[in-house]
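Here the structure comes first, spelled out in structure tokens, and everything after it is commentary.
Just so you know, all these numbers are worked out from the coordinates, no wet-lab data involved. Because the structure is a prediction, the values reported are computed rather than measured. Methodologically, a virtual Cβ is constructed for each residue, glycine included, from the backbone with ideal geometry; neighbour enumeration extends over all protein chains shown.
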Amino acid sequence: KDIEFIRSYYYNKLEYTRFSSSVGKFVGFTEYGVKNAEYWNNNPSYLSAMKAQKEGYCLNNIQIKYDNAL
């Protein structure tokens, strides 16, 4: 429950768009990022693919990361 998948997009060290699995959609931080977020949030196939990344990437690797930390 407390695992979160985040994908951030940067340009010149400035984050302009972020997807967070806890929010479930893209959020824009700049004018360009807001436009990208609106476009990506209106694309159901891309949005569902990003939501599936939590199960596909995070949950498969959590035990490996946890064992290495200990």
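The table below lists the values:
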{"quantity": "Mean ellipticity per residue at 222 nm, deg cm²/dmol - from DSSP H runs of n ≥ 4 across the chain, formula -39500 (n - 2.57)", "calculated": "-13500 deg cm²/dmol"}
{"quantity": "Length-normalised contact order for the chain - Cα pairs under 8 Å, 6+ apart - percent", "calculated": "23 percent"}
{"quantity": "Within the chain, GluC sites (Glu not before Pro) in DSSP loop having at most 16 other beta-carbon neighbours inside 10 Å", "calculated": "Glu4"}
{"quantity": "Percent of Cα pairs exceeding the 18 Å cut-off, where the set is the chain", "calculated": "44 percent"}
{"quantity": "Additional length obtainable on full extension of the chain from Glu31 to Tyr10, 0.36 nm per residue less Cα span", "calculated": "6.2 nm"}
{"quantity": "Angle between the chain longest axis and helix 31-41 axis [Cα atoms, degrees, rounded to 10]", "calculated": "60 degrees"}
{"quantity": "Length added when fully stretched, Ser20-Asn42, from 0.36 nm per residue minus Cα-Cα", "calculated": "6.3 nm"}
